[in-house]
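The values are calculated or read from the model by the stated rules, or taken from the named source; none is laboratory data. Source: prediction; values computed, not measured. Cβ coordinates were reconstructed from backbone atoms using ideal geometry, including for glycine residues, and neighbour counts include every protein chain displayed.
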Amino acid sequence: MTTDELTKSLEAFTPFSRTEWAKLSKGLSSALSEQERKGLEGIYETISESEVQDIYLPLSELLYKRMKHNMHLHDDMNQFLQKERKRVPFIIGIAGSVSVGKSTTARLIQALASRWPGKPKVSLVTTDGFLYPNEVLEERGLMKRKGFPESYDIRSLISFLTDLKSGVDHVHAPVYSHLTYNVDKNDMQALDAPDVVIVEGINVLQVNKKGKRTPHLFVSDFFDFSIYVDANEENILTWYIERFHLLRNTAFQKPESYFHRYRSLSDNEATEMAVSIWRSINGVNLEKNIKPTRLRAELILTKGPDHQVEQIQLRK
């Protein structure tokens, strides 16, 4: 996409500065305590009180309004059709690069949404669980393309979302272990009649490639609202390096860790390894498959170098 095409596409969004966005909150949602914020933080990302107040409370109120609108529409359609169709979950999709903070955003939204009027049941699912197991990726020569579109079992993900939107009360999602770097065959996440489901992953806004034997449905077809967490790639790489260093000193030290071999790297070696992985895998995936989906989102959160959201763009 050329610069002119990108500029024209972004005209479909209404931009808000941090200050403008913060003023939109009507105080309908309660904030989080310091202890709650700490419990939601990532391993290298803190959550300030101002970030919750300025960014996530207005976003939570917007999402609540969208859910209420869907509920009213559902009731109106039932009345028109003279049928008692069951309500289905309100599904929120969250996309963005590796290390951009998608998981933190998802956890914050989950915590705030669970406080909406009526105390809805809010479930959070990550698409990592729908990666093919490592043995399948090894067999197909895809281990170095883990996270790329072809490394996901999209049919299973589509089937899972179809069940949710069909009103199936009890559904299960596979679970991914970041420690073993593989799908956990001994664990499944149960979702029992959720009111809201947050689906987080780098691939949730991607479209199927032509000629591939994939369903004609897109994952995003099931979303009621979608968010893309954005940042300058230089900042994301810095965060990725920071995370790699932290994991080297923590998770990588465990013998069962897939990356246990990196436990003894020096600081310089760890940085070089992180940069190498980024340049050959994550950066390529971001440029080719993740970043192009940004304009398919309904809302874009753009972060600055300190992880704080600096701009919000909402689709008109």
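So, in segment 17-48, of the ones that are of a type in the set (S, T, Y) and at pLDDT 90 or above, which residue ends up farthest from the chain's Cα centre (by Cα)? Walk me through how you get there before you give the answer.
Taking segment 17-48 and keeping what is of a type in the set (S, T, Y), we get 17, 19, 25, 29-30, 33, 44, 46, 48.
Right, trim to at pLDDT 90 or above and you get 17, 19, 48.
Details: S17: 22, T19: 24, S48: 20 Å.
Only one residue tops the list, namely T19.
Quick check on segment 246-302: of everything there that is in contact with a Lys or Arg (Cβ under 7 Å, 6 or more places away or on another chain) and basic (K, R), which residue is farthest from F13 (Cα to Cα)?
In this case the residue turns out to be R263.
Residues G96, G141, G147: which one is over 20 Å from D187 (Cα atoms) and more than 15 Å from the chain's Cα centre (by Cα)?
Values: G96 fails: more than 15 Å from the chain's Cα centre (by Cα); G147 fails: more than 15 Å from the chain's Cα centre (by Cα).
The conditions single out G141.
Can you tell me which condition R37 does not meet? The list is (1) crowded, with 18+ Cβ neighbours inside 10 Å; (2) touching a residue at least 40 places away in the same chain (Cβ under 8 Å), and all the others hold.
It fails just one condition, (2).
Could you list, in sequence order, all residues of segment 215-233 that are within 20 Å of the chain's Cα centre (by Cα) and not hydrophobic (A, V, I, L, M, F, W, C)?
Hits for segment 215-233 are S220, D221, D224, S226, Y228, D230, N232, E233.
Quick one: is L73 among the hydrophobic types (A, V, I, L, M, F, W, C) and either free of Cβ contacts under 8 Å to residues at least 60 places away in the same chain or over 23 Å from V204 (Cα atoms) (or both)?
Considered against the rule, which asks whether it is among the hydrophobic types (A, V, I, L, M, F, W, C) and either free of Cβ contacts under 8 Å to residues at least 60 places away in the same chain or over 23 Å from V204 (Cα atoms) (or both), L73 comes out as yes.
Checking the condition in contact (Cβ under 8 Å) with a residue 60 or more places away in the chain and either in a loop (DSSP other than H, G, I, E, B) or more than 21 Å from L142 (Cβ to Cβ) (or both), which residue from R243, R248 passes? Steps first, answer last, please.
On the way: R248 fails: in contact (Cβ under 8 Å) with a residue 60 or more places away in the chain.
Result of the check over R243, R248: R243.
Filter segment 251-272 down to residues that are assigned to a helix (DSSP H, G or I) and of a type in the set (A, V, I, L, M), then give me how many there are.
The number of residues fulfilling the criteria is 2.
For (1) among the aliphatic types (A, V, I, L, M); (2) loosely packed, with under 15 Cβ neighbours inside 10 Å; (3) not in a strand (DSSP E or B), each residue gets a yes or a no:
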residue: P194; (1), (2), (3): no, no, yes
residue: L205; (1), (2), (3): yes, no, yes
residue: S226; (1), (2), (3): no, no, no
residue: A274; (1), (2), (3): yes, no, yes
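Going by the conditions given, is R115 among the charged types (D, E, K, R), loosely packed, with under 14 Cβ neighbours inside 10 Å and within 22 Å of the chain's Cα centre (by Cα)?
no
Quick check on this structure: which one of L295, L286, L299, L314 is closer than 18 Å to T105 by Cα and surrounded by 18 or more Cβ atoms within 10 Å (Cβ to Cβ)?
L299
Residues in segment 279-298: is at least one more than 21 Å from E200 (Cβ to Cβ), at pLDDT 95 or above, hydrophobic (A, V, I, L, M, F, W, C) and in a helix (DSSP H, G or I)?
Taking segment 279-298 as the starting set, the residues that turn out to be more than 21 Å from E200 (Cβ to Cβ) are 279-280, 284.
Applying the additional criterion that residues be at pLDDT 95 or above yields 279-280, 284.
Subsequent filtering for residues that are hydrophobic (A, V, I, L, M, F, W, C) retains 284.
This time we only want the ones that are in a helix (DSSP H, G or I), so: 284.
The answer is yes; a qualifying residue exists.
Any residue at all in segment 127-142 that is in contact (Cβ under 8 Å) with a residue 24 or more places away in the chain, of a type in the set (A, V, I, L, M, F, W, C) and part of a strand (DSSP E or B)?
yes
D163 - would you say it is under 21 Å from L247 (Cβ atoms), among the acidic types (D, E) and modelled with pLDDT of 95 or more?
It is false that D163 is under 21 Å from L247 (Cβ atoms), among the acidic types (D, E) and modelled with pLDDT of 95 or more.
Look through segment 143-155, keep the residues that are not in a loop (DSSP other than H, G, I, E, B) and not β-branched (V, I, T), and return whichever of them is nearest to L205 (Cα to Cα).
Step one: list which residues in segment 143-155 are not in a loop (DSSP other than H, G, I, E, B), which gives 143-145, 149-152, 154-155.
Narrowing the set further to residues that are not β-branched (V, I, T) leaves 143-145, 149-152, 155.
Numbers: M143: 22, K144: 22, R145: 18, P149: 11, E150: 14, S151: 15, Y152: 13, R155: 15 Å.
Filtering segment 143-155 for residues that are not in a loop (DSSP other than H, G, I, E, B) and not β-branched (V, I, T), the one nearest to L205 (Cα to Cα) comes out as P149.
If I filter segment 92-102 down to residues being aliphatic (A, V, I, L, M) and buried (at least 24 other Cβ atoms within 10 Å of the Cβ), which single residue comes out as nearest to W278 (Cα to Cα)?
Within segment 92-102, the subset aliphatic (A, V, I, L, M) is 92, 94-95, 98, 100.
Restricting the remaining residues to those that are buried (at least 24 other Cβ atoms within 10 Å of the Cβ) gives 92, 94-95, 100.
On the way: I92: 28, I94: 21, A95: 18, V100: 13 Å.
The extreme case among them is V100.
Taking the stated definitions as given, is G93 more than 19 Å from S166 (Cβ to Cβ) and not in a helix (DSSP H, G or I)?
In short, no.
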